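Beneath this line is the structure, given in structure tokens, with notes to follow.
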Amino acid sequence: MSAIDNLPPLRQVIADHGLSARKSLGQNFLLDLNLTAKIARQAGDLSGCDVLEIGPGPGGLTRGLLSEGARRVLAIEKDTRCLPALDEIAKAYPGRLEVLNADALDLDPLQHLTPPIKVVANLPYNVGTELLIRWLTPPDWPPFWQSLTLMFQREVAERITAQPGSKAYGRLAILSQWRADARIVMHLPPGAFTPPPKVASAVVHLTALPEPRFPADPKILERVVARAFNQRRKMLRAALKGMAPDIEDRLLSAGIKPTDRAETVHLEQFCALARSFET
Ligand code: SAM
């Protein structure tokens, strides 16, 4: 499908509706519809899916999602100034766009969506990380979403997809990769946004696995990983000392040297260590 719709160019939408970017809402807009269609395509085939979009702003990515064939888009936007522009898009795609004026952190979007559900968003970075962690740690697995296609500050994208042995490897990598496939699918320079942010960005695509890569209790795994990386420069026998008197034995049986540091330990080993705490 083509990215061309009969709506005005986004620069004109912004001028017509007085959508000067607000820093407090992390507003860095994407105004190139070819680019927003390309981001939408990173989410794969949208034709049979409901898409949850957080922070549509003037609607560039929303238009990309609709022109790329999303069955339905539910867009959640906090800034009331954007609503008239989004309403014009809803009229151009009858019955396919619902807009909710709400804070994404307060809302349970599930009542409004029908599976299969994909999440696609260009969000302020702080909200993005908080939502990602929520989406990765639901009470039950598999989660409500089939995939997440999210814009992040490049440094955060690298933390999500990092492998052991790198500085970026930590809690976010473990949480992201334990129950999902996570990869960077696009890099964007600051100039792709209006106004340009200070740092480069990247789009991360995560696909939910039907079940965890290795068995472990989520709460225990989170606790072990949080402790291990809280003192990432310490040897694990010291960083995890408070968790059990026989921590060295537990580390050894999980295939981890007690003198190793968290950033060299593989996901499989963290899961084995977490299992040693299950009674
Ligand atoms: N998606 C648009 C684009 O790509 O041009 C806008 C992206 S801009 C980085 C982030 C958007 O998220 C803004 O429209 C902002 O008003 C909205 N936003 C910020 N915090 C939000 C929140 N807590 N809940 C919902 N929307 C939020």
Inset, instruction - For the range 109-130, enumerate the residues that are farther than 22 Å from Arg63 by Cβ and either within 15 Å of the ligand (Cβ to nearest atom) or in a helix (DSSP H, G or I) (or both). - result: Leu110, Gln111, Tyr125, Asn126, Thr129, Glu130
Inset, instruction - For the range 158-176, indicate whether the set of residues that are touching a Pro at 6+ places or on another chain (Cβ under 6 Å) and assigned to a loop (DSSP other than H, G, I, E, B) is non-empty. - result: no
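Working only within the range 70-84, note down all residues that are more than 10 Å from the ligand (Cβ to nearest atom) and out of contact with any Leu (no Cβ under 6 Å at 6 or more places or on another chain).
At the first step, the residues of the range 70-84 found to be more than 10 Å from the ligand (Cβ to nearest atom) are 70-74, 83-84.
Across the range 70-84, the qualifying residues are Arg71, Arg72, Leu83, Pro84.
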Legend entry - Those residues of the range 51-83 which are among the acidic types (Asp, Glu) and crowded, with 20+ Cβ neighbours inside 10 Å, in sequence order: Glu53, Glu68, Glu77
Inset, instruction - Only residues in the range 50-74 that are within 11 Å of Ala90 (Cβ to Cβ) count as the first member; pair them with residues that are aliphatic (A, V, I, L, M) and within 7 Å of the ligand (Cβ to nearest atom), Cβ under 8 angstrom, at least 6 apart or cross-chain, and list the lot. - result: Pro56/Ile76
Inset, instruction - Taking the residues in the range 88-108 that are in a helix (DSSP H, G or I) and among the hydrophobic types (A, V, I, L, M, F, W, C) as candidates, determine which candidate is nearest to Arg22 (Cα to Cα). - result: Ile89
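Residue-wise test of (1) crowded, with 17+ Cβ neighbours inside 10 Å; (2) touching a strand residue (DSSP E or B) at 6+ places or on another chain (Cβ under 9 Å); (3) in the same structural domain as Lys118 (by TED's automatic domain parsing).
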site: Met186; (1), (2), (3): yes, yes, yes
site: Val203; (1), (2), (3): yes, yes, yes
site: Lys234; (1), (2), (3): no, yes, no
site: Leu252; (1), (2), (3): no, no, no
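Filter the range 190-204 for residues that are over 12 Å from Glu158 (Cα atoms) and of a type outside the set (Gly, Ala, Ser) and give the result.
Residues satisfying the conditions are Pro190, Phe193, Thr194, Pro195, Pro196, Pro197, Lys198, Val199.
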Legend entry - Residues that are under 24 Å from Asp217 (Cα atoms) and not basic (Lys, Arg), drawn from the range 169-189: Tyr169, Gly170, Leu172, Ala173, Ile174, Leu175, Ser176, Gln177, Trp178, Ala180, Asp181, Ala182
Inset, instruction - Among the residues of the range 211-244, count how many are of a type in the set (D, E, K, R), in contact (Cβ under 8 Å) with a residue 60 or more places away in the chain and not in a loop (DSSP other than H, G, I, E, B). - result: 1
Legend entry - Only one of Gly48, Gly55 that is of a type outside the set (A, V, I, L, M, F, W, C) and under 18 Å from Leu83 (Cα atoms): Gly55
Inset, instruction - Residues being within 13 Å of the ligand (Cβ to nearest atom), over 15 Å from Leu97 (Cβ atoms) and either acidic (Asp, Glu) or surrounded by 19 or more Cβ atoms within 10 Å (Cβ to Cβ) (or both): count how many of those fall in the range 1-50. - result: 11
Inset, instruction - Go through the range 51-61 and give me each residue that's touching a Phe, Trp or Tyr at 6+ places or on another chain (Cβ under 9 Å) and more than 7 Å from the ligand (Cβ to nearest atom). - result: Leu52
Legend entry - Selection status of Leu113, among the aliphatic types (A, V, I, L, M) and over 13 Å from the mean Cα position of the chain (by Cα): yes
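So that you can scan it fast, the table gives a plain yes or no per residue for (1) in contact with a Lys or Arg (Cβ under 6 Å, 6 or more places away or on another chain); (2) closer than 30 Å to Ala40 by Cα:
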position: Pro190; (1), (2): no, yes
position: Pro195; (1), (2): no, yes
position: Val199; (1), (2): no, yes
position: Pro212; (1), (2): yes, yes
position: Pro218; (1), (2): no, no
position: Arg227; (1), (2): no, no
position: Met243; (1), (2): no, no
position: Asp249; (1), (2): no, no
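The values are calculated or read from the model by the stated rules, or taken from the named source; none is laboratory data. These numbers were taken from a predicted model, which means no experiment stands behind them. Don't worry about glycine lacking a Cβ; one is built from the backbone with ideal geometry, like all the others, and counts go over all protein chains shown.
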